[in-house]
Amino acid sequence: MFEISDNVSKHTNVFDVLKERGFIQQTTHEDEIRELLGKEKVTFYIGFDPTADSLHVGHFMQIIIMMYMQKYGHKPIVLVGAGTAMVGDPSGRSDMRMMMTEETIADYSRKFEDLFHNFIDFGDGRAIIDNNANWLLKLNYVDFIRDIGKHFSVNRMLTAECFKQRLETGLSFLEFNYMLMQSYDFLVLYRKYGCKMQFGGDDQWSNIIQGVDLVRREEQAQVFGMTFTLLTTSEGKKMGKTQKGALWLDAKKTSPYEFYQYWRNVEDADVRTCLSMLTFLPMEEVEALSSLKDQEINRAKEILAFEVTRLVHGEEEAQKAQEAARALFAGGGNMDDVPKTVIPASEFAGEGMGIVSLLALVKLVPSKGEGFRTIEQGGLTIKGEKVTDAKLMVTTDLFEDGKLLLKKGKKTFHMIELS
């Protein structure tokens, strides 16, 4: 498990650390939250719906926040949302989430729980992991609507951003229940563990404030909510999207090398945000690195890529990914960790395989149309030479020792090996 060094911050209150590093977006009671975090050890929670078989980089920022909170003595509750995943959160979505079976959700939940143990210390009661299926799936619907639903104004719910944007395209009654269920989670965790705070991405603001209100109405208790900046590029686009889809924390879904390369290739304007939010480097170092210009900024990107990969995959995998990247940029070195696809030699016998078909097969491009455009724009290199013919047939005689290295753009590599 990764340990945060003691010299990460000069602050003694974790609120000031999160504020300085640019995490905090909205709070229900800013002054009270800061005061509470400074004077007592607070139990707080973040919910994670298991809608895939791995956590992705968007979750990772929430994990970093939990690690900071735990470092300062507060107790995280990791709430795996197998119950809420049965319904699907409409926040930030233009359509209804695909329904999953209870068995699939349970399998994804187990995989989530395994990954959380890589980052959070659950020993000696320092953190809690729970699953809202433990109470949501046992609810009597009529009792729930009578006891909990009476506190929710439909008029007020319809003004929430997560619902407003869906009213034109269609919002199912199933999804309309999501806010009640997430709010009920806060109430259960308050009663069960004395949980006083709920954190989440800024798209969760409407759900969080309803949870705070529900605890106040049911328990006459003051609890708090705080949301964090979503991880976006300087252009406002969600970070962590690749041509293959999401940037996953599971090495089987996104290799450590691909993970490293993503951060090594971020835009110059995004270096400060990434260093600040995704590493534990002291802010003095973050400011110094992100102020580098021109070619020098590449040093900052290399440090960023190494640090984030080290946090997620460990020191050894980060070293291997860095060596593989340097081997490709500078020549020489170990290329064993470059992404590769093994293809039967028979596929390249005779007339061979079309280059565009090969690019699409190994997912270097999302579509054949994009493959044609890449070649037309001079964006593909094989054996050090630009490919100019989009109808090129790749045959076995192009391979050296059964290997062929494709290079897309300046920084994306893929090795083809014959079997």
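Among the criteria (1) over 27 Å from residue 238 (Cβ atoms); (2) touching a residue at least 24 places away in the same chain (Cβ under 8 Å); (3) polar (S, T, N, Q), the one residue 295 does not fulfil is (2). When residue 369 is tested against (1) outside any loop (DSSP other than H, G, I, E, B); (2) over 31 Å from the mean Cα position of the chain (by Cα); (3) loosely packed, with under 15 Cβ neighbours inside 10 Å, only condition (2) is not met.
Give the residue that is farthest from residue 261 (Cα to Cα), with candidates limited to residues of the range 380-407 that are surrounded by 15 or more Cβ atoms within 10 Å (Cβ to Cβ) and among the hydroxyl-bearing types (Ser, Thr, Tyr). The selected residue is 396. The residues listed here are 212, 223; of these, the one that is among the β-branched types (Val, Ile, Thr), within 27 Å of residue 21 (Cα to Cα) and without any contact (Cβ under 8 Å) to a residue 60 or more places away in the chain is 223.
Just a yes or no: is a residue in the range 330-342 in contact with a strand residue (DSSP E or B) (Cβ under 9 Å, 6 or more places away or on another chain) and modelled with pLDDT of 85 or more? Yes, the conditions are met somewhere in the range 330-342.
Within the range 19-68, being over 25 Å from residue 246 (Cβ atoms) and part of a helix (DSSP H, G or I) holds for 19, 20, 30, 31, 32, 33, 34, 35, 36, 37, 38, 39. I'd like to know if the range 294-315 contains one or more residues that are out of contact with any helix residue (DSSP H, G or I) (no Cβ under 6 Å at 6 or more places or on another chain), surrounded by 17 or more Cβ atoms within 10 Å (Cβ to Cβ), outside any helix (DSSP H, G or I) and not aliphatic (A, V, I, L, M). No, there is no match, as no residue in the range 294-315 is out of contact with any helix residue (DSSP H, G or I) (no Cβ under 6 Å at 6 or more places or on another chain), surrounded by 17 or more Cβ atoms within 10 Å (Cβ to Cβ), outside any helix (DSSP H, G or I) and not aliphatic (A, V, I, L, M). Residues that are in contact with a Gly (Cβ under 7 Å, 6 or more places away or on another chain) and over 22 Å from residue 190 (Cβ atoms) within the range 53-91 comprise 56, 57, 58, listed in sequence order. Per the conditions (1) outside any helix (DSSP H, G or I); (2) of a type in the set (Asp, Glu); (3) buried (at least 20 other Cβ atoms within 10 Å of the Cβ), the sole criterion not satisfied by residue 250 is (3). Could you check the range 345-366 and list, in sequence order, the residues that are among the charged types (D, E, K, R), surrounded by fewer than 16 Cβ atoms within 10 Å (Cβ to Cβ) and either in contact with a His (Cβ under 6 Å, 6 or more places away or on another chain) or within 19 Å of residue 415 (Cβ to Cβ) (or both)? Result: 363, single match. Looking at 182, 198, just one residue is modelled with pLDDT of 90 or more, among the polar types (S, T, N, Q) and outside any helix (DSSP H, G or I), and that residue is 198. Condition check: aromatic (Phe, Trp, Tyr), assigned by TED's automatic domain parsing to the domain that holds residue 70 and either part of a helix (DSSP H, G or I) or more than 30 Å from residue 319 (Cα to Cα) (or both). Does residue 205 satisfy that? In short, yes.
As a summary of the residue check, residue 279 satisfies the conditions (1) among the β-branched types (Val, Ile, Thr); (2) under 30 Å from residue 296 (Cβ atoms); (3) more than 20 Å from the chain's Cα centre (by Cα) except for the one numbered (3). Return the residue satisfying two criteria in turn: it lies in the range 129-157 and is surrounded by 13 or more Cβ atoms within 10 Å (Cβ to Cβ) and acidic (Asp, Glu), and of such residues it is nearest to residue 191 (Cα to Cα). Filtering the range 129-157 for residues that are surrounded by 13 or more Cβ atoms within 10 Å (Cβ to Cβ) and acidic (Asp, Glu), the one nearest to residue 191 (Cα to Cα) comes out as 130.
A quick yes/no check of all residues on (1) within 28 Å of residue 250 (Cα to Cα); (2) of a type in the set (Lys, Arg):
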residue	(1), (2)
296	no, no
299	yes, yes
306	yes, no
319	yes, no
326	yes, yes
347	no, no
354	no, no
360	yes, no
365	yes, no
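Among the candidates 275, 289, 247, the residue that is among the aliphatic types (A, V, I, L, M) and within 27 Å of residue 370 (Cβ to Cβ) is uniquely 247. The set of residues in the range 282-293 that are surrounded by fewer than 20 Cβ atoms within 10 Å (Cβ to Cβ) and aliphatic (A, V, I, L, M) comprises 283, 288, 292. Screening the candidates 180, 187 for the property of being in contact (Cβ under 8 Å) with a residue 24 or more places away in the chain, assigned by TED's automatic domain parsing to the domain that holds residue 86 and either touching a Lys or Arg at 6+ places or on another chain (Cβ under 6 Å) or under 16 Å from residue 49 (Cβ atoms) (or both) yields one hit, 180.
Each row is one residue, and each column tells you yes or no for (1) modelled with pLDDT under 90; (2) small (Gly, Ala, Ser).
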{"site": "91", "(1), (2)": "yes, yes"}
{"site": "98", "(1), (2)": "yes, no"}
{"site": "111", "(1), (2)": "no, no"}
{"site": "118", "(1), (2)": "no, no"}
{"site": "122", "(1), (2)": "no, no"}
{"site": "135", "(1), (2)": "no, no"}
{"site": "142", "(1), (2)": "no, no"}
{"site": "146", "(1), (2)": "no, no"}
{"site": "149", "(1), (2)": "yes, yes"}
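Across the range 186-202, which residue is surrounded by the most Cβ atoms within 10 Å (Cβ to Cβ) among those that are in contact with a Gly (Cβ under 9 Å, 6 or more places away or on another chain) and within 22 Å of residue 16 (Cα to Cα)? Among residues in the range 186-202 that are in contact with a Gly (Cβ under 9 Å, 6 or more places away or on another chain) and within 22 Å of residue 16 (Cα to Cα), the one surrounded by the most Cβ atoms within 10 Å (Cβ to Cβ) is 198.
The values are calculated or read from the model by the stated rules, or taken from the named source; none is laboratory data. Bear in mind that the values here come from a model prediction, so they are computed numbers and not experimental data. Cβ sites come from the backbone with ideal geometry, for glycine too, and all protein chains shown count toward neighbours.
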